[in-house]
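For reference, the structure discussed in these notes is given below.
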Amino acid sequence: MPTPQSNTNPYLALGVRPFINCCSVRTMHGGSLMLPQVRAAIDAASRQFVNLDELMDAAGKRIAELTGAEWGIVTCGSAAAVALGTAACVAGNDPVKMLRLPFTDGMVNRVIIPKKQRFAGARPGAQRAGRDGRPARQAGASVGGAAGRDRLRR
């Protein structure tokens, strides 16, 4: 295995093989490649310290403006977004419930994921990609599945 000093590619330095992605944007494949403008913004931001609460507040407002949503949040991937969204649905605006997570006994905590959206066991790595309901479970939810729209109403 190459030493970190002998290789400028961080993946090869760790012995991880890069590949050509023909599967679209997927968390388990590292998400997406960043545009040059994004890399430049990250480089500029890395040169200063800021209060992270202020940054998250400002980023949430900006995402809302761009998307037309009520609010936005930056996460490190789709699995993290599912976990945070589930936690928000389970705890709502109740600080006591928020502090109890992931312990949700006595709280409404049932999450339904359509069976066609659950890939656990369908292919290697599904658990790592969060497609088996694990992110929702991390928020304390009980995960079930539904075979179709008619089953969701039951």
task = Pull up segment 67-80, narrow it to residues that are of a type outside the set (A, V, I, L, M, F, W, C) and assigned to a helix (DSSP H, G or I), then point me to the one that is farthest from residue 136 (Cα to Cα).
result = 67
ask   = Where residues in segment 88-113 are surrounded by fewer than 16 Cβ atoms within 10 Å (Cβ to Cβ) and small (Gly, Ala, Ser), which of them is farthest from residue 143 (Cα to Cα)?
value = 92
task = For segment 1-22, name all the residues that are more than 18 Å from residue 33 (Cβ to Cβ), modelled with pLDDT of 90 or more and either surrounded by 10 or more Cβ atoms within 10 Å (Cβ to Cβ) or more than 26 Å from the chain's Cα centre (by Cα) (or both).
result = 13, 14
ask   = Of these, 56, 28, 34, which one is under 30 Å from residue 134 (Cβ atoms), in contact (Cβ under 8 Å) with a residue 24 or more places away in the chain and under 22 Å from the mean Cα position of the chain (by Cα)?
value = 28
ask   = So which of 40, 58, 64 ends up being of a type outside the set (D, E, K, R), surrounded by 13 or more Cβ atoms within 10 Å (Cβ to Cβ) and not in a loop (DSSP other than H, G, I, E, B)?
value = 64
message = Out of everything in segment 43-55 that is hydrophobic (A, V, I, L, M, F, W, C) and assigned to a helix (DSSP H, G or I), what residue ends up being surrounded by the most Cβ atoms within 10 Å (Cβ to Cβ)?
response = 55
query = Going by the structure shown, is residue 27 at pLDDT 95 or above, closer than 30 Å to residue 143 by Cβ and surrounded by 10 or more Cβ atoms within 10 Å (Cβ to Cβ)?
reply = no
ask   = What do you reckon, is residue 43 among the acidic types (Asp, Glu) and under 28 Å from residue 104 (Cβ atoms)?
value = no
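The values are calculated or read from the model by the stated rules, or taken from the named source; none is laboratory data. Remember, predicted model here, so these are calculated numbers, not experimental data. Positions of Cβ are generated from backbone atoms using ideal geometry, with glycine treated the same way; all protein chains shown enter the neighbour counts.
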